[in-house]
Amino acid sequence: MKRTAWKCFTSYVPTSYKVLMIVGTVLCTALSVFLGSILGIMGNLIVGSLVMVMLILVDYFAFSGISVRYQKRMEMLKSSFNGNEVIRKALVVDLIAKAALSVVVYAAGIIGAGGIPDINVFLMFTSFYLLYIVVSAIFLIFTRRKGLSILVQMLFCYLASSAAGGLFFALVATQQGVERVTEKFEGGSIIASAVILALLVVLIAVGAILLYKDSYKGYLSGFSDDTDKDKKAAKAA
């Protein structure tokens with residue numbers, strides 16, 4: 001039987017993950033529409049932090065700690081001939097599912113706000129929303145490597161949300177700097193916003209690749225003991 005990426009994903013993740021992902025998506029989408037109808041596109045700034053919290057919470061039930069080095073878990077997968085393929089495909093689908101959820105929630109907020117406002121405002125707030133996703137990717141790399149408890153993860157997630165708010169001001173300052181460079185062009189502020197948006201998209205792609213590689217490398221390291229010889233072999237893998 002052909003092992004599609006979706007089948008590998010659904011066979012790996014537990015029921016708790018599936019339920020939380022569905023319920024979380026519905027609740028975040030409904031809240032995004034509601035806040036969008038009240039606050040306009042600014043509602044997505046609030047929902048963005050909640051989406052990050054939800055993704056961290058859901059991740060705990062399937063992938064948290066998967067990249068811990070030399071961990072002795074998942075023996076059934078490791079003893080299976082197709083175990084490596086299952087874990088690789090499950091990680092890829094997980095990343096795609098998280099990205100799709102984020103896009104759906106953001107789009108719901110735009111619909112609730114009555115459509116896209118001024119293009120420059122749209123690009124700016126979209127950049128801030130993407131900033132939350134970048135922070136989430138970095139945070140997941142750390143928590144998966146450390147295998148932290150859910151309470152500690154929630155604490156760090158709160159701190160990460162606060163950090164994203166602080167980075168927003170740095171983002172605005174950077175955008176203003178780009179505007180000064182492009183002000184001689186017609187629509188310079190839009191160009192500046194588009195440049196920042198494109199940069200964040202690249203950072204998201206880089207973060208996703210690093211998250212995948214770090215998780216899979218941690219999984220592979222579990223085949224070895226924590227010795228100098230095995231460490232060298234794991235690094236070469």
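The values are calculated or read from the model by the stated rules, or taken from the named source; none is laboratory data. Since the model is a prediction, treat every value here as computed from it, not as a measurement. Each accessible area value is taken on the protein alone, full model and side chains, heavy atoms only, with ligands, DNA and RNA left out. Shrake-Rupley method; radii C 1.70, N 1.55, O 1.52, S 1.80 Å.
Give the residue, chosen from ILE87, ILE111, that is of a type in the set (Val, Ile, Thr) and at pLDDT 90 or above.
Values: ILE111 fails: at pLDDT 90 or above.
Answer to the check: ILE87.
Checking each residue in the stretch 41-53 for being more than 20 Å from the chain's Cα centre (by Cα) and open to solvent by 20 Å² or more (accessible area, probe 1.4 Å) picks out only MET42. Apart from one condition, ILE46 fits all of (1) assigned to a helix (DSSP H, G or I); (2) at pLDDT 85 or above; the exception is (2). Is it the case that the stretch 205-221 has a residue that's at pLDDT below 85, of a type outside the set (Val, Ile, Thr) and closer than 22 Å to SER49 by Cα? No, because not a single residue in the stretch 205-221 is at pLDDT below 85, of a type outside the set (Val, Ile, Thr) and closer than 22 Å to SER49 by Cα.
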